[in-house]
Amino acid sequence: MEEEDQESNVNFISCVCFVRQGVAKENPAKATLTQEELAEVINEMKSGTRDDEDDDSDEEGERMEVDTGTGRGDEYNFDDYDEEGGPVGFGIDGVVVAAPEENLDDEENDSEAEDDKIKQGDNLILVGHVDDVCVNMEVYIWNKAEGSLYVHHDFLLPSFPLCLEWLNHDPSANEPGNLCAIGTMEPIITVWDLDIRDSLEPIYKLGSKGNRKKKEPKYGHRDAVLDLAWNQAFPHVLASASVDQTCILWDLDTGQPNTTIEVFEEKVQSVKFHPTEAHHVLTGCCDGFIRLFDCRDPSSLTESFKRWKLSGEIEKTVWNVQDPTYFAASTNLGEIAYFDLRQNTPIWKKSAHSEEVSGLMLSPSIPGMMLTTSSDGSMKIWDYNLSDAKLIHEEEMNIGRIHSMSFSPEDSNIVAIGGDNKKRQFRVIDVMERDHVRRTFENRA
């Protein structure tokens, strides 16, 4: 249930995302390109890099730096990473074009082919992984019954992944897909088909830096994307939160921003749609405010929103899906708080960790269970109600500074956690295997 990696100069998990069972193809297709097609892709990507460099010179005055202050960028120690050398993302010059006589479609032997099959009882776990100069999204297979955890395939990325969001809306298809939207240090959101292995490019992108030479307009975000939320009630809608102090609601059918919320005074680090009233979106911002917007009337967004204030920067916001009148939030100062939408101040708040609370979960299946993780390296499990939260279990996870947490859609007691320990950065655990946790919550499940 644990994955260990050999030591390297930089090795950390920046984001994780559980995917429910039954949505992946049993045998994902393998992207195969002829020598000419692969060479064309490489040339296009090189050309795009040169165009970006030309356009970036015009943006220096307007782009905001991710690594300022104590926000999300600082968590990953990017300044030190730059000093340790190596290019950001994968090097296109390192992509090998297969010789014409090589058969790209060689079948694996029977046993390996069987291992490659994705079963109905398998969960995918999407993992944003930075290992020295290699930046990728790994697609793990997790099977609780078999106790298996391994990387099935991965996607090389051109920039540090900061957030992942699964979605099934493919505007080019007539049936639900198995897709992942990725927010990175770049302003462009990329969407990848998880059922295609060895793909070099996303199936589509959201946003454009613009290009004067090609007369392409600029639209979307202007800086790094810190969080994403897919609207399951309106599956053509994706929300994104950015360093550029905006939250955008994207129309996936057109690939264009439908609504841009610009009332924020700092980086927007969290965005979540209401679980039953899908036109409501909750945001957490580095200015210390949690804001709730009703997006049915975009013209009134700058005036008719609710907000709540906490000390420090808002790291995470999560709904109580069992009673979405309530939600919780965490901060970079280690504080957690619980809110009632009908009240203007928190019901309660308390110091939970010595450093920022990077992971926050209200169990969707067990009333009163809350999980928090922190860059202090610990996970804590709480028994909460409308009066307070009582600490039930505290555990040092031994994966370094914890950056991300995600739970299984089928069993919210199964939690994936990513950190920055160079030898071991990723764990999948069952919190109910902790005796005191089981005794506290087993009768509530």
With a 18 Å threshold on alpha-carbon distance, the violating pairs from Lys272/Lys349; Lys309/Lys350; Lys267/Lys316 are Lys272/Lys349
With all protein chains present, the stretch 165-270 has a carbon and sulfur share of its accessible area (1.4 Å probe) in percent of 43
Note, the stretch 173-189: 3J(HN,Hα) by Karplus (6.51, -1.76, 1.60, θ = phi - 60°), whole Hz, Gly/Pro = x, goes 10, 9, 9, x, x, 9, 10, 9, 8, 10, x, 10, 5, 8, x, 8, 8
Quick numbers on the stretch 242-387, Rg and Dmax over C-alpha atoms in Å, give 15.1, 46
Sparse-neighbourhood loop hits (GluC sites (Glu not before Pro), the stretch 112-205; DSSP loop; Cβ within 10 Å at most 12 others) -> Glu146
tail above 17 Å in the computed P(r) of the stretch 193-256, as % of all Cα-Cα pairs, reads 53
In nm, the gap between the two label points placed 7 Å beyond Cα toward Cβ at Ser365 and Lys422 is 3.8
FRET efficiency (Glu36, Ala445; Cβ distance; R0 56 Å; to 0.05) is 0.50
Restricting to lysines and to Cα separations under 22 Å from Lys117, and discarding same-chain partners fewer than 8 apart, the set is Lys25, Lys30, Lys144
Rounded to a whole %, the carbon-and-sulfur portion of the accessible area of the stretch 363-445 at a 1.4 Å probe is 43
Between Leu391 and Lys309, the two model label points (7 Å from Cα along the beta-carbon direction) sit apart by a distance in nm of 2.9
Per the rule of 0.36 nm per residue minus the C-alpha distance, extending Asn211 to Thr276 adds in nm 19.4 nm
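For the stretch 289-358, state which trypsin sites (Lys or Arg not before Pro) are in a DSSP loop and have at most 12 other beta carbons lying within 10 Å of their beta carbon.
Passing both the DSSP loop test and the Cβ count: Arg296, Arg342.
Roughly what percent of Cα-Cα pairs across the stretch 302-445 reach past 25 Å? Don't skip to the end; give the middle numbers.
Details: 2516 of 10296 pairs.
The answer is 24 percent, as a whole percent.
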Phi angles of the stretch 235-243, converted by Karplus (6.51 cos²θ - 1.76 cosθ + 1.60, θ = phi - 60°) into ³J(HN,Hα) in whole Hz with x for Gly and Pro, give x, 8, 10, 10, 9, 9, 10, 9, 4
Mean accessible area per residue over the stretch 206-286 (1.4 angstrom probe, all protein chains present, square angstrom) is 38
For the stretch 224-233, in residue order, the Karplus 3J(HN,Hα) values (coefficients 6.51, -1.76, 1.60; θ = phi - 60°; whole Hz; Gly and Pro = x) are 4, 9, 9, 7, 9, 9, 8, 8, 5, 6
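Using r as the Cβ-Cβ distance of His236 and Ile347, and R0 as 35 Å, what FRET efficiency do you calculate, to the nearest 0.05?
It comes out at approximately 0.50.
At 0.36 nm per residue, minus the direct Cα-Cα distance, what do Glu262 and Thr325 gain on full extension? Give it in nm, one decimal, please.
20.2 nm
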Among trypsin sites (Lys or Arg not before Pro) in the stretch 182-219, those in a DSSP loop whose Cβ has at most 11 other Cβ atoms within 10 Å are Arg212, Lys213, Lys214, Lys215
Taking placed amide H atoms and a strict 5 Å upper bound, the residues 5 or more places from Asn178 or on another chain that come that close are Leu194, Asp195
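Place the peptides 274-284, 416-426 in order of packing, highest mean first, counting for every residue the other Cβ atoms within 10 Å and averaging per peptide. Mind showing how you got there, number by number?
Working: 274-284: 19.5, 416-426: 21.5.
In descending order of packing, they fall as 416-426, 274-284.
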Given backbone amide H placed at 1.01 Å from N, residues whose amide H is under 5 Å from that of Asn258, ignoring those fewer than 5 places away on the same chain, are Leu249, Trp250, Asp251
Per residue, accessible area of the stretch 327-445 with a 1.4 Å probe, heavy atoms of protein chains only, in Å², comes to 37
Cα-Cα pairs in the stretch 298-376 separated by more than 15 Å, as a whole percent of all pairs, come to 57
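The values are calculated or read from the model by the stated rules, or taken from the named source; none is laboratory data. Here the structure is a predicted model, which is why all the values come from computation and not from measurement. No Cβ is skipped: glycine too gets one built from the backbone with ideal geometry, and neighbour counts run over all protein chains shown. SASA here: full protein model, heavy atoms, side chains in, ligands and nucleic acids out. Shrake-Rupley method; radii C 1.70, N 1.55, O 1.52, S 1.80 Å.
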